[in-house]
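Here's the structure we're looking at; comments come further down.
The values are calculated or read from the model by the stated rules, or taken from the named source; none is laboratory data. Keep in mind the model is a prediction, meaning the values are calculated, not measured. Ideal geometry is used to build each Cβ from the backbone, glycine not excepted, and the neighbour counts take in all protein chains shown. Note: accessible area is taken over every heavy atom of the protein model, side chains too, but ligands, DNA and RNA are not part of it. Shrake-Rupley method; radii C 1.70, N 1.55, O 1.52, S 1.80 Å.
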Amino acid sequence: METIDETQLNELVGKVIGDVAGALSMFMAYLGDQAGVFKALDGAGQMSVGQLAEKTGLNAKYLHEWLGSVCAAGYVTHHPQDETFSLSPEQALVFTREGQPACMQGFFQLVVSQFAEHEKATETFISGQGRPWGDHPACLFCGTDRFFRPGYQANLIDNWIPALDGVEEKLRSGAKIADIGCGHGSSTILLAQAFPNSTIRGIDYHAPSIEEARKKAAEAGVTNVEFEVAKAQDFSGEGYDFACIFDALHDMGDPVGAARHIRETLAPDGTFMLVEPLAGDTMADNMHPLGQIFYAASCTICTPNSLSQEVGLGLGAQAGEKRLTEVCHEAGFKNVRRVAETATNMVLGITA
């Protein structure tokens, strides 16, 4: 008969309760974002439930329960002396300052998209079949773009590209760029704005995302961009001076074929920049909260998408530098080195 360690049991139960609290707090944060409550609190000082209800037009009873949850989570500050509520500058950065690297609302939106279609996720997991990117709710696409965009804004132009030998000079003089797996086009538009003498082609196989990217590029007023609906293995053009993939190679069914096509379409002295989630080379290296998050996203989003495509390699979001290097070598690239990293991403500079 097995022996139960009561201390370990209680610790595990306590952790699960904390995880459930976190899951519900994340959902409450999503509600507050979508309903504009955090925005209404930002910079407004201390507000009562009634004042907040009047400002937002929301039901005061709902707001009372919502505030109880988010204040217990530490997302909003409760002032018990006069029963008012406020956002600290730090809380505002995390929960409502759109475009700031610390803003987590895109992350919340991404996770909520998975709960929204949990039946499909369960069916996919049990069946072992693939599930394409386009089979997810639209808030996944918006949330993914919203989460990753601030990191690209903070690092792409000022840190990542300067870390690549000779690339920044080429782009400033005027170069031909391919942004593969561009999604809603945030990285494409950043490149176009920073390097007006260059021409940038944004490529993605998901037609609705390309439609959104074209719309965003028009709103940004950039004219040195074009977009194409195509797979990474067969996009058009050649002689690219610079090619890049942001957090997308591991989602592809045939990452070797994608990297090979990139090598074949690069100019002889061209550079391929690969940005992927930060990960160690073994599962044991990734036993931390970030690894926990990336493995979960990979289980329901990244790996199913890969398995829905030709080859279906299923690299996973925590492939690690060693495995990514093997993919690039198999595609015919000779030189792969890590040139930069952030708290969530690694950046590889790759040449033939």
With the dipole of region 141-276 defined by +1 on each Lys or Arg Cβ and -1 on each Asp or Glu Cβ, the option from GLY237, GLY253, SER198 whose Cα lies farthest towards the positive pole is SER198
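May I ask you to compute the full-extension gain from GLU264 to PHE27, defined as 0.36 nm times their residue separation minus their alpha-carbon distance, rounded to one decimal in nm?
Values: separation 237, 0.36 × 237 = 85.32 nm, distance 4.50 nm.
Stretched out fully, the GLU264 to PHE27 stretch lengthens by 80.8 nm.
Relative contact order for the chain: what percent, with Cα pairs under 8 Å and sequence separation of 6 or more? Numbers along the way, then the final one.
Values: 606 pairs, mean separation 43.0, N = 352.
This gives 12 percent for the chain.
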Roughly speaking, to the nearest percent, how much of the chain's 1.4 Å accessible area is carbon and sulfur?
55 percent
Leaving out ligands, DNA and RNA but keeping every protein chain, what accessible area does ILE293 have, in Å² rounded to the nearest 10, with a 1.4 Å probe?
70 Å²
Reduced to Cα centres, the span from region 302-340 to region 46-90 in Å works out to 46 Å
Expressed in square angstrom to the nearest 10, the accessible area of MET287 with a 1.4 Å probe stands at 130 Å²
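Report the net charge of residues surrounding VAL256, where surrounding means a beta-carbon distance below 12 angstrom and charges are Lys +1, Arg +1, Asp -1, Glu -1. Walk me through the numbers before you get to the answer.
On the way: positive: ARG260, ARG263, ARG323; negative: ASP254, GLU310, GLU326, GLU330.
Taking every other residue near VAL256 into account, the sum is -1.
Which value in deg cm²/dmol, rounded to the nearest 500, describes the helix-derived mean residue ellipticity at 222 nm for the chain, given -39,500 (n - 2.57) per DSSP H run of n ≥ 4 and division by the residue count? Mind dumping the intermediate values first?
Details: 15 runs with 168 residues, N = 352.
So the calculated ellipticity at 222 nm is -14500 deg cm²/dmol.
How long is the gain from THR342 to ALA218 if the chain were fully straight, where each residue apart is worth 0.36 nm and the alpha carbon distance is subtracted?
The THR342-ALA218 span can extend by a further 41.6 nm.
Only Lys, Arg, Asp and Glu count, each charged at its Cβ (+1, +1, -1, -1), so figure out the dipole size of region 3-96 about its Cα centre, rounded to 20 debye. Mind dumping the intermediate values first?
Values: 4 positive and 11 negative charges, 74 e Å.
I would put it at about 360 debye.
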CYS299 to TYR62: FRET efficiency via 1/(1 + (r/R0)^6), r the Cβ-Cβ distance, R0 30 Å, to the nearest 0.05?
0.35
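Helix check for the chain. Which DSSP H runs span at least 24 Å along their own axis by Cα, with a mean Kyte-Doolittle hydropathy no less than -0.5? Walk me through the intermediate numbers first.
Numbers: long enough: 6-34 (42 Å, 0.40); 138-155 (26 Å, -0.17).
Result, helices passing both filters: 6-34, 138-155.
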Compare LEU63, LEU324, LEU140 in a GNM of the chain, Cα atoms joined below 10 Å, and give the one with the largest fluctuation.
LEU63
For TYR240, other-chain or 5+-apart residues with amide H closer than 5 Å (H placed, Pro excluded) are LEU266, ALA267
Please give, to one decimal in nm, the separation of the simple spin-label points placed at GLU83 and ASN10, each 7 Å out from Cα toward the Cβ.
3.6 nm
What residues qualify as long-range amide H neighbours of PHE227, i.e. H under 5 Å apart, gap of 5 or more or another chain, H built at 1.01 Å from N?
GLY202
By the scheme Lys and Arg +1, Asp and Glu -1, what is the net charge of all other residues having a beta-carbon under 14 Å from that of SER308?
-2
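When ligands, DNA and RNA are left out and all protein chains stay put, how many square angstrom of accessible area per residue does region 202-281 have with a 1.4 Å probe? Before the final figure, lay out each step's value.
On the way: 2950 Å² over 80 residues.
It amounts to 37 Å² per residue over region 202-281.
What does the charge dipole of the chain about its Cα centre add up to, to the nearest 20 debye, if the Cβ of each Lys and Arg holds +1 and the Cβ of each Asp and Glu holds -1? Provide the component values of the computation, followed by the final result.
Working: 24 positive and 45 negative charges, 140 e Å.
The calculated dipole for the chain is roughly 680 debye.
Here is the link list: LYS15/LYS231; LYS120/LYS176; LYS61/LYS215; LYS170/LYS231; LYS120/LYS215; LYS170/LYS215. Which ones come out longer than 32 Å on Cα distance? If you can, show how the numbers build up before the last one.
Numbers: LYS15/LYS231 42 Å; LYS120/LYS176 40 Å; LYS61/LYS215 39 Å; LYS170/LYS231 26 Å; LYS120/LYS215 30 Å; LYS170/LYS215 28 Å.
Violating the 32 Å limit, Cα to Cα: LYS15/LYS231; LYS120/LYS176; LYS61/LYS215.
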Mind giving me the FRET efficiency for ASN159 and LYS120? R0 is 35 Å, r the Cβ-Cβ distance, nearest 0.05 is fine.
0.40
Mind checking which of CYS299, PRO208, GLY32 is farthest towards the positive end of the chain's charge dipole, using Cβ charges of +1 (Lys, Arg) and -1 (Asp, Glu) about the Cα centre?
PRO208
